[in-house]
Amino acid sequence: MASRLYQWIDQRLKLKPLEQTLLNEPIPGGASWNYVFGSATLFLFCLQALTGMFLMLYYVPATDHAYDTVQYIQQEVWGGWFVRGLHHWGASAVMVAIGLHMLQVFFDGAYKRPREMMWIVGVGLLALMLGFGFTGYLLPWDQNAYWATQVGINMVGAVPFVGDLIVRVLRGGETLGALTLSRFFAIHVAFLPAIIVFGIMLHIFILRRVGPAGPHDEHRAKQGSETFYPRQVYMDAVVMSGAFLLVAALAIMVEFPLADKADPSDHSFVPVPEWYFLFHYQLLKYAPGALGSLATWLLPTLFFTGLLLLPFLDRNTERRPSSRPVMLGVGLGFLVIVFTLLGISLQHLYAIPKQDPSLARGIALVEQFKCQTCHRIHGDGANIAPDLSYVADRRPDRNWHLQHFKDPPSVSPGSFMPKFPLNDQQRNDLTNYMLTLKSG
Amino acid sequence: MEEGLSTPVGNRRSFFVKTTLFLSSLIGISLAIPLLGYVISPALGRRNQDWVSLGKADQLPVDEPQALDYTRTEKDGWQKSQVTKGTWAVKRPDGQITVFSPICPHLGCGYRWNQKDRLFKCPCHGSIYDIEGSVKAGPAPRPLDTLPSKVENGELYVMYQEFKSGLSKKVEL
């Protein structure tokens, strides 16, 4: 049935030559698992486009509704948490795929003549994908989204002369707010997709005009070529399925709950950028004062300029890795720095302090006595009494807390905090918890 | 086929082709099911209906229809809003309370109680009902729609519903 339909269409549209071009593309040296990364990237990008379109069914890009609509997708729409999970983890997966794709091209020297243009367009695609990541992060309008974007935009402000202007244009005004959200949304779902589709087409067009690089090993290259279909397609399909299963498993198993709704007045919140920006975030901690502004914008600019010019900076025509020790050394050095910074950063972020039982009891008491009716702790609770997020920075003294819980006004004159009916152990547990609330 | 260009044949070829087809259908199906459910689930959801209080039942005067309003939070997808709805409550001499939907069953206008004639009159197309809700005159196809109501601990509760207009039978929306 399907083949008869195809014949009917083919008789009219003459698809056979097109089919030949698409499927019988010669792969020099034969199909290989080395060549799957580009297809995997394209597949994951399409997955992002698909899940993104579906998220738009319910999402509203306005500051008073964005958070509620994402909450609605996450909690009420059937399968909504899964679609959002796919989009969230897919974003990370596509970054990993791009990284692997670039590493393979770099290692195989496939960016060299005559494929310089393909590399340059590819670097452009990387920048666009980072743009997707950055603009998409703001859209849920939770605390993390708001404050991470605040930091990200301010980093652009370090650029000399035009920094302020760019920051204003990005925010759509003086402060991050309604106009920022709607322009980030428009960039994320309309402008970037429109540009990247052309970029991807150009990337693939150049590939088809120049042809795949094939193996750097001349012996293997001489073995002749193999058609793209069916063996390379099969390898691509296996890797795509693997990538899909991985993203789906992460979406199912690792929850990605929203933080609290964005609260511009809450300065106690510590935002965390996406992991693919983390190494740069960590780097900024080591660059004090005047060096800081250079690290915020000069290093990324140098990095992208270096990437774009790589085919021209690297004059060595040799593709075999063993003949390119300097280039591989530079690449390896870059990877070591990036992963070390990422590792340190992750260690800081996810260092889970061992919790002693007294601490757990202290936390339970805060629940039980509803301390957050008046106090706020890391964004949770009302802002009536002092914020306790970093109370131990201000009050490191154990005896002060013990006395304070016994009789608040005795150490904090004029305090309207009630005397709660606490016994000695409960006062001790609460104090232990209070002393952990510090920034260092 | 070009010089030096090879391609798998026979069993090997069909293995690659079939595996590719199988894997792509696997991805397609595992995406299609959640995405389809994601699109249609809100369409199938019913509005949640609860009993809402209209006030003390014993404060209703006998044989004097009262327009009773109530305000409740309604969910429209992700949007929550305060909605005010009206009803007509009638207490008969035997103590039985009937609560009518405030919408004329003819074409959906709001009708009123005419104290002088002791009739419910719809200003749009002239439908007229008596205190029991039966049609006395005009184009109305059916009596006034009654709403489910109950009295608990002296409070009058009602469950708000809307019905299709223009039909001779009462069909819930």
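The values are calculated or read from the model by the stated rules, or taken from the named source; none is laboratory data. On a predicted model such as this, the values are computed, not experimentally measured, just so you know. Neighbour counts run over all protein chains shown; Cβ positions are idealised from the backbone, glycine included.
At a glance:
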{"item": "Which listed residue, of A:GLY79, A:GLY52, is facing chain B (nearest Cβ under 8 Å) and either closer than 20 Å to B:ILE27 by Cβ or surrounded by fewer than 19 Cβ atoms within 10 Å (Cβ to Cβ) (or both)", "result": "A:GLY79"}
{"item": "Condition met for A:ILE166 (in a helix (DSSP H, G or I), out of contact with any strand residue (DSSP E or B) (no Cβ under 6 Å at 6 or more places or on another chain), over 30 Å from A:SER322 (Cα atoms) and without any contact (Cβ under 8 Å) to a residue 24 or more places away in the chain)", "result": "yes"}
{"item": "In the range B:55-74, the residues that are farther than 15 Å from B:VAL158 by Cα and either touching a Pro at 6+ places or on another chain (Cβ under 9 Å) or surrounded by 14 or more Cβ atoms within 10 Å (Cβ to Cβ) (or both)", "result": "B:VAL62, B:ASP63, B:PRO65, B:GLU74"}
{"item": "Flag if A:ILE200 is within 28 Å of the chain's Cα centre (by Cα) and farther than 25 Å from A:ILE344 by Cβ", "result": "yes"}
{"item": "Hits in the range A:399-410 - residues which are of a type outside the set (Ser, Thr, Tyr), over 20 Å from A:SER389 (Cβ atoms) and touching a helix residue (DSSP H, G or I) at 6+ places or on another chain (Cβ under 7 Å)", "result": "A:LEU402, A:GLN403, A:LYS406"}
{"item": "Qualifying position, being surrounded by 16 or more Cβ atoms within 10 Å (Cβ to Cβ) and assigned to a loop (DSSP other than H, G, I, E, B), among A:HIS216, A:HIS203, A:HIS188", "result": "A:HIS216"}
{"item": "Criterion violated by A:GLN71 - all others in (1) in contact (Cβ under 8 Å) with a residue 40 or more places away in the chain; (2) more than 10 Å from chain B (Cβ to nearest Cβ); (3) under 21 Å from B:ASP76 (Cβ atoms) satisfied", "result": "(2)"}
{"item": "Any hit, the range A:223-236, residues being free of Cβ contacts under 8 Å to residues at least 60 places away in the same chain, out of contact with any Ser or Thr (no Cβ under 7 Å at 6 or more places or on another chain) and either surrounded by fewer than 15 Cβ atoms within 10 Å (Cβ to Cβ) or part of a helix (DSSP H, G or I) (or both)", "result": "no"}
{"item": "Lone unmet requirement of (1) in a helix (DSSP H, G or I); (2) out of contact with any Leu (no Cβ under 8 Å at 6 or more places or on another chain); (3) closer than 27 Å to A:VAL272 by Cβ for A:SER358", "result": "(3)"}
{"item": "Some residue of the range B:49-66 being modelled with pLDDT of 85 or more and within 14 Å of another protein chain (Cβ to nearest Cβ)", "result": "no"}
{"item": "Residue among B:LEU26, B:LEU5, B:LEU35 that alone is at the interface with chain A (Cβ under 8 Å from one of its Cβ atoms), over 30 Å from B:TRP78 (Cα atoms) and at pLDDT 95 or above", "result": "B:LEU26"}
{"item": "Matching residues, the range A:292-308, being aliphatic (A, V, I, L, M) and surrounded by 12 or more Cβ atoms within 10 Å (Cβ to Cβ)", "result": "A:LEU294, A:ALA295, A:LEU298, A:LEU299, A:LEU307, A:LEU308"}
{"item": "Residues satisfying the stated conditions in the range B:97-118, i.e. over 16 Å from B:VAL62 (Cβ atoms), hydrophobic (A, V, I, L, M, F, W, C) and crowded, with 20+ Cβ neighbours inside 10 Å", "result": "B:PHE100, B:CYS104"}
{"item": "Pair list, Cβ under 7 Å, 6 or more apart: the range A:17-45 residue surrounded by fewer than 18 Cβ atoms within 10 Å (Cβ to Cβ), other residue among the polar types (S, T, N, Q) and assigned to a helix (DSSP H, G or I)", "result": "A:ASN34/A:GLN104"}
{"item": "Segments classed as helices (runs of 4 or more DSSP H), wholly inside the range A:388-440, with at least 3 members that are modelled with pLDDT under 90 and over 37 Å from the mean Cα position of the chain (by Cα)", "result": "A:398-406, A:408-411, A:424-436"}
{"item": "Qualifying residue in the range A:102-116 (condition: away from chain B (no Cβ under 14 Å), within 30 Å of A:LYS285 (Cβ to Cβ) and crowded, with 19+ Cβ neighbours inside 10 Å)", "result": "yes"}
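Table: residues versus (1) within 33 Å of the chain's Cα centre (by Cα); (2) over 25 Å from A:VAL197 (Cβ atoms); (3) assigned to a helix (DSSP H, G or I).
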{"site": "A:ARG12", "(1), (2), (3)": "no, yes, yes"}
{"site": "A:GLU19", "(1), (2), (3)": "no, no, yes"}
{"site": "A:GLY30", "(1), (2), (3)": "no, yes, no"}
{"site": "A:ASN34", "(1), (2), (3)": "yes, yes, yes"}
{"site": "A:GLY38", "(1), (2), (3)": "yes, no, yes"}
{"site": "A:GLY52", "(1), (2), (3)": "yes, no, yes"}
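Okay, residues lined up against (1) closer than 30 Å to A:LEU349 by Cα; (2) touching a Phe, Trp or Tyr at 6+ places or on another chain (Cβ under 7 Å):
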{"site": "A:GLY133", "(1), (2)": "yes, yes"}
{"site": "A:GLY136", "(1), (2)": "yes, no"}
{"site": "A:PHE161", "(1), (2)": "no, no"}
{"site": "A:PHE184", "(1), (2)": "yes, no"}
{"site": "A:ILE195", "(1), (2)": "no, no"}
